[in-house]
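K.L.:
I am attaching a structure below and will ask some questions about it afterwards.
The values are calculated or read from the model by the stated rules, or taken from the named source; none is laboratory data. Only a predicted model underlies this, so the values are computations on that prediction, with no experimental measurement involved. FYI the Cβ positions are ideal-geometry reconstructions off the backbone, even for glycines, and counts take in every protein chain you see. Calculation scope for accessible area: heavy atoms of the full protein, side chains included, ligands and nucleic acids excluded. Shrake-Rupley method; radii C 1.70, N 1.55, O 1.52, S 1.80 Å.
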Amino acid sequence: MLDLKFLRENLELVKKAVAERQAVVDLAGFESLDAQRRAILPELEGLRARRNEVSQEVGRVKREGGDPSGVYAEMKEVGGRIKELEGRLAGVEEEVKSLLYTIPNPPHESVPVGKGEEDNPVVETWGEPPKFDFEPLNHWDIGEALDILDFEAAARMTGARFAVLKSAGARLERALTSFMLDLHTGEHGYLEVLPPFMVNSQAMTGTGQLPKFAEDLFKLENTDYWLIPTAEVPVTNLHMGEVIEAERLPLKYTAYTPCFRAEAGSHGKDVRGLVRLHQFDKVELVRLVRPEESYQHLEELTANAEKVLQLLGLPYQKVVLCTADLGFSAAKTYDLEVWLPGQNRYREISSCSNFEDFQARRAGLRFKEKGAKGTTLLHTLNGSGLAVGRTMVAILENYQQADGTVKVPPALVPYMGGLELITPRES
């Protein structure tokens, strides 16, 4: 959420940022509401001052033995008008607050201006896509042939966009999760947490999912609980409303969670396979940092996610998202896109973002320097390190063999109990 003072003083800048994002925001409505507020305040302040004068006048009239009835009448009239204006002001301020929740974060100056994902420049490429002497298959064909993926059983028990992992498929999911967590805690210095998989509306609002993206979320009926769309939500909110001592910064967290998304706007997209499910696993990276250090941390966090792909030997490219493709809360984002031979294209496997103080203002995340009187908003960052299901997709497609088997990346062999080759499951 933007600072109200900043918005008032930089309205043209925000209008430009919104236009570059190709977002639709009622900034004219904000101007109208703000004008109403400015019109109300002088009269209200004047009436409050007059109320104090009238109150003193009542005492003077009484002391002098006069009739205060006329003064009482004025006091009543002034009080009624004050109550009316305070009600109007409260309504206007509530509308302003609601509108503030709809304004996206202005892009950082280094973000390229563009109209869509086709304008996202590639800033780095790692690894060479494998060459096959056969026609590579999609992961769903590989997984079903090996009997480690079962989409039909999931559809019967739940519905579309769910999957059952079996045997080496389930083991591979678990191996990837443990491998990622061990890497991020052991080598990258993150503290592992296991948060709740449900949060309340305040937490969802704090990281920007509510109110704008309610239709993309799953809410538990008759409760204020929402299933998390990513571990970003509970982990970023670990310190919601707190003031953190500056010497504790930066705070670096990693967490495995399942993630739940309604995928409301994705009808017809990726209807097969593991790429776009309603439930999937992810290992998340979150950092809470000093503002002046946040872009250095974005580079580090992105490199941490890249390391997973490098150790697994998965070719990928890094792109920086242009203004129109940037997420609502992000000021700058790198996407890591892994090569998928079965689809003959790169597909997103991680987004790493700096939100600056956008989330911190909503969630009340502040820090305090030793001896300082005031507090400062933190900058928050997060990224997938990685999406586990999409990593499995990449392994099945990049490590597939002509006979239908799949090699296990060497880095994962210890996590797979020594298994080096995934073969058809024996019934």
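K.L.:
Among Asp281, Asp270, Asp325, which is the only one that is free of Cβ contacts under 8 Å to residues at least 12 places away in the same chain and open to solvent by 20 Å² or more (accessible area, probe 1.4 Å)?
P.N.:
Result of the check over Asp281, Asp270, Asp325: Asp270.
K.L.:
Take Leu220 and decide whether it is open to solvent by less than 80 Å² (accessible area, probe 1.4 Å), more than 17 Å from the chain's Cα centre (by Cα) and within 30 Å of Leu99 (Cβ to Cβ). Walk me through it before giving the result.
P.N.:
Numbers: open to solvent by less than 80 Å² (accessible area, probe 1.4 Å): yes; more than 17 Å from the chain's Cα centre (by Cα): yes; within 30 Å of Leu99 (Cβ to Cβ): yes.
In short, yes.
K.L.:
For region 337-350, does any single residue satisfy the condition of being acidic (Asp, Glu), open to solvent by less than 40 Å² (accessible area, probe 1.4 Å) and assigned to a strand (DSSP E or B)?
P.N.:
yes
K.L.:
Pull out all pairs, ordered by first then second residue, where Cβ-Cβ is under 8 Å, the residues are six or more apart or on different chains, the first lies in region 335-362 and is farther than 18 Å from Glu284 by Cα and at pLDDT below 95, and the second is among the hydroxyl-bearing types (Ser, Thr, Tyr) and open to solvent by 10 Å² or more (accessible area, probe 1.4 Å).
P.N.:
Qualifying pairs under 8 Å: none.
K.L.:
Moving on to the next point. Within region 224-233, how many residues are over 11 Å from the mean Cα position of the chain (by Cα) and open to solvent by less than 50 Å² (accessible area, probe 1.4 Å)?
P.N.:
The qualifying residues number 2.
K.L.:
Quick check, is Ala330 of a type in the set (A, V, I, L, M) and either surrounded by fewer than 19 Cβ atoms within 10 Å (Cβ to Cβ) or assigned to a helix (DSSP H, G or I) (or both)? So that I can check it myself, show each step before the final result.
P.N.:
Numbers: of a type in the set (A, V, I, L, M): yes; either surrounded by fewer than 19 Cβ atoms within 10 Å (Cβ to Cβ) or assigned to a helix (DSSP H, G or I) (or both): no.
No.
K.L.:
Where residues in region 113-153 are among the acidic types (Asp, Glu) and part of a strand (DSSP E or B), which of them is least open to solvent (accessible area, probe 1.4 Å)?
P.N.:
Asp150
K.L.:
Moving on. For Gln359, which of the numbered conditions (1) part of a strand (DSSP E or B); (2) open to solvent by less than 20 Å² (accessible area, probe 1.4 Å); (3) not basic (Lys, Arg) fails to hold?
P.N.:
(1)
K.L.:
Restricting attention to region 384-418, report how many residues are of a type in the set (D, E, K, R) and in contact (Cβ under 8 Å) with a residue 40 or more places away in the chain.
P.N.:
First, pick out the residues of region 384-418 that are of a type in the set (D, E, K, R): 390, 397, 403, 407.
Those still in the list that are in contact (Cβ under 8 Å) with a residue 40 or more places away in the chain too: 390, 397.
Qualifying residue count for the region: 2.
K.L.:
While we're on this one: For region 28-54, which positions are touching a Leu at 6+ places or on another chain (Cβ under 8 Å) and within 15 Å of Glu93 (Cα to Cα)?
P.N.:
Gly29, Phe30, Glu31, Leu33, Arg37, Ile40, Leu41, Leu44
K.L.:
Within region 375-389, can one find any residue that is closer than 25 Å to Asp141 by Cα and either open to solvent by 30 Å² or more (accessible area, probe 1.4 Å) or out of contact with any Ser or Thr (no Cβ under 8 Å at 6 or more places or on another chain) (or both)?
P.N.:
Of the residues in region 375-389, the ones closer than 25 Å to Asp141 by Cα are 386-389.
From what's left, either open to solvent by 30 Å² or more (accessible area, probe 1.4 Å) or out of contact with any Ser or Thr (no Cβ under 8 Å at 6 or more places or on another chain) (or both): 389.
Scanning region 375-389 turns up at least one residue that is closer than 25 Å to Asp141 by Cα and either open to solvent by 30 Å² or more (accessible area, probe 1.4 Å) or out of contact with any Ser or Thr (no Cβ under 8 Å at 6 or more places or on another chain) (or both).
K.L.:
When region 289-322 is examined, which residues are found to be under 26 Å from Leu191 (Cα atoms), hydroxyl-bearing (Ser, Thr, Tyr) and crowded, with 21+ Cβ neighbours inside 10 Å?
P.N.:
Ser294, Thr302
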